[in-house]
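The values are calculated or read from the model by the stated rules, or taken from the named source; none is laboratory data. Please read all numbers here as calculations on a predicted model, not as lab measurements. Here Cβ is always computed from backbone atoms with ideal geometry, including for glycine, and neighbour counts include all displayed protein chains.
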Amino acid sequence: MATHKLLLLPGDGIGPEVMREVEKLVGWFRKRGIGFETETDLVGGSAYDAHGKAISEDAMVKAQDADAVLFGAVGGAKWDSVPYAVRPEAGLLRLRKDLGLFANLRPAICYPALADASSLKREVVEGLDIMIVRELTGGVYFGEPKEIVTLEDGSQRAVDTQLYTTHEVERIARVAFDLAKKRRNKVSSAEKFNVMKTGVFWRQVVGRVHKEEFSDVELENVLADNCAMQLVRWPKQFDVIVTDNLFGDILSDIAAMLTGSLGMLPSASLGAEDPATGARKALYEPVHGSAPDIAGKGLANPIAMIGSFGMALRYSFGLGEEADMLDKAIANVLASGTRTKDIAGPGANAVGTTDVGDAIVGELEALS
Ligand code: NAD
């Protein structure tokens, strides 16, 4: 039996609370004969308290060795004044850098039971299932020069550099096309080809990868500003959207908000494919932070964290059927009205974090 190695990094605030619900699911899948080997370690403020840094070398070794890392959330007022280099977020940045996680995947799924929580009309978002693939380690956030310089006349000039290489665009394009093949077989590539050289280049490279390796997948090129508009007008026209770091930052937040609460949004960050095994380094995390305002109260919605585990099943462990089953269990629990406060709606009875986890395990039992 294959064993899947998972490193759990619960972190701070509500991180440990929502991770506990994932552990219940790991236990349930284990009982069904799926081999999970888990280790747990500290990250963020809790790691700083124990080791004086946001992630220990020992935890980094475990992360390199794992098939997937599950990350909760980090941060909180207690660590707001620690030195910048060891602040809680430094643990996440170190993981992203050392594991070479260049592809950020953010699904936007609108469960029918929550369609009324969206700011858009029900018919626009109900049944929505799109995936934004954002390039995470290149582009204008990292390109050099990146500076503010003082000119001879005393005024200043600020520069950021948008920069992409063939390799960087090729590898993110391949992630998007691969994903589309497992979904509805369509990729929309967003750039600003009309006003940016990097946009022209992006379109050329994505087009070549498509022609040479993925001509069986539908490709459409879309201007990033039009993509933003279309996401709000009729998001169901999209399947996979691939885009650069800057546009991806914005488009993924728009897509996220189509679906309601922060407590519902999972994400994945993937690294390069190992040519020998085909496996990728991967980290899965909810989009939300450590939510200090509700931490310790048992109120956190665990679905973003549980959905992140579902993405690990699908993208790291090849357990698509189990991931589908988990998605169905989540949808059924939501449809039954079992909801935490963030998604309960005005006047409705809300349940706690563990109730939602237990209900999802119960639904899995019923579905199996
Ligand atoms: P946040 O995401 O923690 O919380 C924003 C709001 O959403 C809060 O009202 C919170 O109660 C609510 N919320 C978030 N997750 C929820 C959940 N699962 N269920 C129910 N409600 C939920 O963002 P913030 O308040 O800006 O930041 C709090 C801390 O988290 C800060 O220290 C920040 O630096 C950190 N942070 C960490 C990450 C990360 O670990 N990746 C991401 C964002 C923020």
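Of the residues screened, Asp249 is one that is at pLDDT below 95, surrounded by fewer than 22 Cβ atoms within 10 Å (Cβ to Cβ) and closer than 24 Å to Arg280 by Cβ. Candidates in the range 32-70 are the residues that are among the acidic types (Asp, Glu) and in contact (Cβ under 8 Å) with a residue 60 or more places away in the chain; of these, the one that is surrounded by the fewest Cβ atoms within 10 Å (Cβ to Cβ) is Asp65.
Within 14 Å of the ligand (Cβ to nearest atom) and within 14 Å of Leu8 (Cβ to Cβ), is that true of Ala73?
yes
Condition test on Ser290, is it within 15 Å of Val18 (Cβ to Cβ), part of a helix (DSSP H, G or I) and either within 16 Å of the ligand (Cβ to nearest atom) or β-branched (Val, Ile, Thr) (or both)?
Values: within 15 Å of Val18 (Cβ to Cβ): yes; part of a helix (DSSP H, G or I): no; either within 16 Å of the ligand (Cβ to nearest atom) or β-branched (Val, Ile, Thr) (or both): yes.
No: the conditions fail for Ser290.
In the set (1) in a helix (DSSP H, G or I); (2) closer than 19 Å to Val240 by Cα, the condition left unmet by Leu114 is number (2). Screening Val124 on (1) touching a residue at least 60 places away in the same chain (Cβ under 8 Å); (2) part of a helix (DSSP H, G or I); (3) closer than 24 Å to Pro16 by Cβ shows it passes everything except condition (3). Within the range 29-56, the set of residues being assigned to a loop (DSSP other than H, G, I, E, B), charged (D, E, K, R) and out of contact with any strand residue (DSSP E or B) (no Cβ under 7 Å at 6 or more places or on another chain) comprises Arg32, Lys53. For residues that are over 14 Å from Pro302 (Cβ atoms), modelled with pLDDT under 95 and either in contact with a helix residue (DSSP H, G or I) (Cβ under 8 Å, 6 or more places away or on another chain) or not in a loop (DSSP other than H, G, I, E, B) (or both), tally how many sit in the range 345-366. Total meeting the criteria: 1. Residues in the range 103-127 that are in contact with a Gly (Cβ under 7 Å, 6 or more places away or on another chain) and surrounded by fewer than 21 Cβ atoms within 10 Å (Cβ to Cβ) were compared, and the one that is farthest from Ile254 (Cα to Cα) is Pro112.
Evaluating Val26 against the criteria (1) more than 16 Å from Ser316 (Cβ to Cβ); (2) away from the ligand (no atom under 12 Å from the Cβ); (3) assigned to a helix (DSSP H, G or I) leaves one unmet condition, (1). A single entry from Glu191, Glu212 fulfils the requirement of being under 30 Å from Gly320 (Cβ atoms) and either charged (D, E, K, R) or modelled with pLDDT of 95 or more (or both): Glu212.
Only one of Ala312, Ala350, Ala304 is among the aliphatic types (A, V, I, L, M) and surrounded by fewer than 19 Cβ atoms within 10 Å (Cβ to Cβ). Can you tell me which? Show your work before the answer.
Numbers: Ala312 fails: surrounded by fewer than 19 Cβ atoms within 10 Å (Cβ to Cβ); Ala304 fails: surrounded by fewer than 19 Cβ atoms within 10 Å (Cβ to Cβ).
The unique qualifying residue is Ala350.
Answer yes or no: is there a residue in the range 80-87 that is of a type in the set (D, E, K, R), in a helix (DSSP H, G or I) and buried (at least 19 other Cβ atoms within 10 Å of the Cβ). Checking the range 80-87: not a single residue is of a type in the set (D, E, K, R), in a helix (DSSP H, G or I) and buried (at least 19 other Cβ atoms within 10 Å of the Cβ).
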